[in-house]
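Q: Okay, here's the structure, questions in a sec.
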Amino acid sequence: MDVERIQKINSLAVELMKKGLATDRENAVVQAEQIYRNTDTESYTSLRETLKEVRAEAAPKKEQESTVDLSQDQIKDILEKNTKFLVSTIKDFQEKMGGMEKELEALKTKLRYQSIPTAKEILVEAPQAGRPMAEPGKANVTMQHPRSGNYNEQDVSIEKFFYMGSK
């Protein structure tokens, strides 16, 4: 039995029970099977036979298509070509990666040499280092301020600290 036919019988049995034409579930299923056998016996069997014939014809075609397989020598040749191609591409990638690694190392060494000061740069920086030493001395003179704590009693009058006016 097909799934569709079972579903139809089941739905018809449920309707027969709802209408009250069947006393229980088993009786409803038997009546539904009899109804379906009487109505579509001829059309259903002819349809089933046609389906079987179509399936039988389709199966040999698939087998014939699969018999067109390649011979063992052809398969070996294809596999050898494939492996040679893969090996060559992997070697190319390895060579390119090696070249890139060398370039990267060269760039790193250039960067290191650029960050190391040369003798000329050291000589240029030395006179500049002497000049800033004179400037901090001047800054110390200007930095003396009463708020820094470097003052005498004569610099500040006592009236500025204490208010003697009315409260």
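The values are calculated or read from the model by the stated rules, or taken from the named source; none is laboratory data. Keep in mind that this is a model prediction, so the values were computed, not measured. Cβ: placed from backbone, ideal geometry, glycine included. Neighbour counts: every protein chain shown.
Q: Find the residue count for segment 124-141, including only residues that are modelled with pLDDT of 70 or more and loosely packed, with under 10 Cβ neighbours inside 10 Å.
A: 0
Q: While we're looking at this one, here's another question. Of all residues in segment 61-88, how many are hydroxyl-bearing (Ser, Thr, Tyr) and at pLDDT 95 or above?
A: 2
Q: Moving on to the next point. From the list ALA22, ALA13, exactly one residue is surrounded by 11 or more Cβ atoms within 10 Å (Cβ to Cβ) and at pLDDT 90 or above. Which is it?
A: After ruling out the rest, the residue left standing is ALA13.
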